[in-house]
Structures are given as structure tokens and as C-alpha cells.
Amino acid sequence: MRFDEAYSGKVFIMSRPDPEQAEAIIYGMPMDWTVSFRPGSRFGPNRIREASLGLEEYSPYMDKHLEEVNYFDAGDIPLPFGNPQRSLDMIYDYAKKVLEQDKFPLGLGGEHLVSWPIIQAVHEKYPEAAVIHIDAHADLREEYEGEALSHSTPIRKTCELIGPENVYSFGIRSGMREEFHYAQTSGMHMSKFEVVEPLKKVLPELKGRDVYVTIDIDVLDPAYAPGTGTAEAGGITSKELLETIKLIADSGLNVIGADLVEVAPVYDPTEQTVIAASKFVREILLGWLK
């Protein structure tokens, strides 16, 4: 599959026409086959693209303009409806190709399980890389109701692949007791409830490292992002997530890829969730591409 074979249609604002010249490839992963509460995140990638058309191309946070970065929106990977394993295999193959060409993979979900095959591909190319995980949920289950392929399992799988000491979770406020026990005893870093202040403390020890960042939109309080499948009260604000993206941009980390997942537009007729998500994507493009 070439980068331009995934999809034809709406693209993120100011997407460039030539994928070969791009520093970053944006791609959608429209999968919600394993969700445990409300489906609909498969519609997230395209609605984020549509919302981006209302963005200013200039960011006062980064003091940069989108004309300063070169990225190509490849559209959505054509995932087979209802087939988790085949879908994950296709995402892995696509992410691996992006990484092999030394481009920045920026994925739009879709449920959070879609991050797992990307992290596998990242680990193959960058075996010493750490993962920053920003989310309301621990995602540390080994299975959900007997199913190992679940959106509640990607961070546990990540810990087992790269070592829990290389996984840094922030904003967590929901999970089974066993998940929090695993976090406490495994050696991984978990910051409950907050993101900005604990991230400031951790960034110095990550400076200079290769890092992959996965962001679940439900880290935001439902007041700021009601359009998600498993909303959790008590989250951070949109302003705090923007500050988080800026902190990472200014930290000296070598961010090698990222994803933003779990946007489910049907639950937010005001569109504030997709509008916020598109702004976060703009800030990632301006702040994390080197």
C-alpha cells in the first residue's frame, strides 16, 4: 500500500500533495470493534479532518504556522469491519512502512487498541523508546470478559513488550483495583488524576530519549470532550492538554510518533470534541516534528 492508497476525500488542513516529501504522515484508523461501552470512534478521524478546516493555520502557543511543517494526510486505512486481528495487522504494516521511511506517524483513532500495533512497529525500529500514555483509563487489563484484544489492554501489552519501567501514564482516574496494583508493583510510572505537574517532574529523566506519545481524548473531562465512548468525570481541561503538548515540545524529547484516539463524534452534537481534537493535532504537528 502506498501512502496515497488509503483513502480519497477530506484531509487535514494544509496537508501537502506529495507524501514522499512529507516529514509526517497522518492516517486514520477507523476501528471500534472491541469497545466495552459506546461505539462510534470509527467516525472520529474524518470528523477531526472536517473540523480542522475551521482552524487558524497559525498557533500562538507554538508561535509557528502550518506552512513551516510538511505533512501528508493519507486518509483512513480501509480496515475490515468487525475483524480486530486483521485490522491490527493492517495498522502494524502501515505504521511500519511509515517508520521505515523515517517519517513521523501521526495516527487518528478509533478505539485505543489501535495504538498497540503502532507501538509494536515503533519498538522494532526504536527498541529503547519509551511510551508516554495520556488517558483517563489505565488500560492495563490482560483481557476484558475473556477477550485479549480489547481497548482496555493496550498499555498492559506495551508494558510486557518494552518493559513497564519505560511506560509513563498520566491523568489516570479509572481502572480495576488489579490494574492500579500492577502499576504500583511493576515499575511503570503512573500519575493519577493530573497530567501537567507530574509530567514536569518526569520530563528531565526522559530528556534525549526516543518517545512515542499516545493520547486518549477521554483524559479530558466530559465537560470539554463529551464525544467519546467511555467518558469519565474528573478529567483535565483542554487548556491543560494544550499545555501538556507544549511541555513535551519544549522538553528535548525526540518524539518519534503519536496518536490521538477515542473521539466518537455522535455523542457531541456541539462538535466541541472534534474541534478540540483538531487543535491538538495542529499543536502536535507544530511542536513535535523536528
Taking protein heavy atoms only, a 1.4 Å probe, and rounding to whole percent, the accessible area of the chain owed to carbon and sulfur comes out at 49 percent
Would you mind checking which residues have amide H under 5 Å from ARG209's amide H? H placed 1.01 Å from N; only 5 or more apart, or other chain. ASN254
Only Lys, Arg (+1) and Asp, Glu (-1) charged, at Cβ; the chain dipole about Cα centre in debye: 140 debye
Please give the per residue accessible area of the chain, computed with a probe of 1.4 Å over protein heavy atoms only, in Å². 39 Å²
Cα-Cα over 29 Å: which of LYS192/LYS279; LYS64/LYS157; LYS64/LYS207? LYS64/LYS157
What's the Kirkwood radius of segment 24-288 in Å, using all Cα pairs? 18.0 Å
Bridge type composition, the chain - antiparallel percent by DSSP, nearest 5: 10 percent
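The values are calculated or read from the model by the stated rules, or taken from the named source; none is laboratory data. Because the structure is a prediction, the values reported are computed rather than measured. Positions of Cβ are backbone-derived with ideal geometry, glycine not excepted, and every protein chain shown enters the neighbour counts. Areas reflect the complete protein model, heavy atoms only, side chains present, ligands, DNA and RNA absent. Shrake-Rupley method; radii C 1.70, N 1.55, O 1.52, S 1.80 Å.
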